[in-house]
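K.L.:
Below is one structure. I have some questions about it.
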Amino acid sequence: MKSIFNAADNQEVVARIGKLSTDSKGQWGKMNVEQMLVHCQVPLEVALGELKLKRGLVGFLFGKMAKKSFTGPKPFKRNLPTDPNFLVRKSENFEKEKQKLSQLVARLGQAGPMGVTQEPHPFFGKLTGQEWDLLMYKHLDHHLTQFGV
């Protein structure tokens, strides 16, 4: 499995983000490309400890059970419901959001497993550095694939 903490894999993700354009269309889902860029920033900010989100009831009830499948080797399924903490309704400037996402990916890669937050994930609860890595890589891969890069 690829890793955000591996320099080559991290650069590959950043390069894929760089291939996005305002004309990129989602192959599934409801988000446009700008909304996807902002949506993907939120979990990275959580992983870096820059954004703290409260756990909701659904996360308390089902997060631990779901964690195994989301941090396992299989890719995310299409059209899964999104935790309300990660829903994005507005988007800013496309180039600005693309640059911000690329910077967050690079920063998380540099931080490594010891640099992730010790705070619980708002849905899955307590995560190890390896679980944060798998979750962040798979989430980014899911949405970059969604938009054809």
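K.L.:
Among the residues of the range 81-98, which ones are under 15 Å from the mean Cα position of the chain (by Cα), of a type outside the set (Lys, Arg) and surrounded by 11 or more Cβ atoms within 10 Å (Cβ to Cβ)?
P.N.:
Thr82, Asp83, Pro84, Asn85, Phe86, Leu87, Val88, Glu97
K.L.:
Just name the residue that is surrounded by the fewest Cβ atoms within 10 Å (Cβ to Cβ) out of those in the range 50-71 that are at pLDDT 85 or above, out of contact with any Leu (no Cβ under 6 Å at 6 or more places or on another chain) and in a loop (DSSP other than H, G, I, E, B).
P.N.:
Only one residue fits best here, namely Lys54.
K.L.:
Any idea which of (1) more than 21 Å from Gly56 (Cα to Cα); (2) hydroxyl-bearing (Ser, Thr, Tyr); (3) in contact with a Gly (Cβ under 6 Å, 6 or more places away or on another chain) is the one Ser102 doesn't satisfy?
P.N.:
(3)
K.L.:
Looking at (1) over 15 Å from the mean Cα position of the chain (by Cα); (2) buried (at least 16 other Cβ atoms within 10 Å of the Cβ); (3) closer than 23 Å to Leu144 by Cβ; (4) at pLDDT 85 or above, find the lone condition where Pro120 falls short.
P.N.:
Failed condition: (3).
K.L.:
Same structure, new question: Just one of Glu50, Glu119, Glu131, Glu45 is of a type in the set (D, E, K, R) and either within 24 Å of Gln27 (Cα to Cα) or free of Cβ contacts under 8 Å to residues at least 24 places away in the same chain (or both); which is it?
P.N.:
Being of a type in the set (D, E, K, R) and either within 24 Å of Gln27 (Cα to Cα) or free of Cβ contacts under 8 Å to residues at least 24 places away in the same chain (or both) holds for just one of Glu50, Glu119, Glu131, Glu45, which is Glu50.
K.L.:
Follow-up. Any residue at all in the range 2-15 that's under 15 Å from Asp83 (Cα atoms) and either in a loop (DSSP other than H, G, I, E, B) or hydroxyl-bearing (Ser, Thr, Tyr) (or both)?
P.N.:
No, that holds for no residue.
K.L.:
Oh, and also: For Leu37, only one of the following conditions fails: (1) in contact with an Asp or Glu (Cβ under 7 Å, 6 or more places away or on another chain); (2) assigned to a loop (DSSP other than H, G, I, E, B). What is its number?
P.N.:
Exception for Leu37: condition (2).
K.L.:
Between a residue in the range 68-90 that is over 23 Å from Lys2 (Cβ atoms) and any residue that is in a helix (DSSP H, G or I) and among the β-branched types (Val, Ile, Thr), which pairs come within a Cβ distance under 6 Å, given they are 6 or more apart or on different chains?
P.N.:
From residues that are over 23 Å from Lys2 (Cβ atoms), the pairs are Val88/Val38.
The values are calculated or read from the model by the stated rules, or taken from the named source; none is laboratory data. Please read all numbers here as calculations on a predicted model, not as lab measurements. Neighbour counts run over all protein chains shown; Cβ positions are idealised from the backbone, glycine included.
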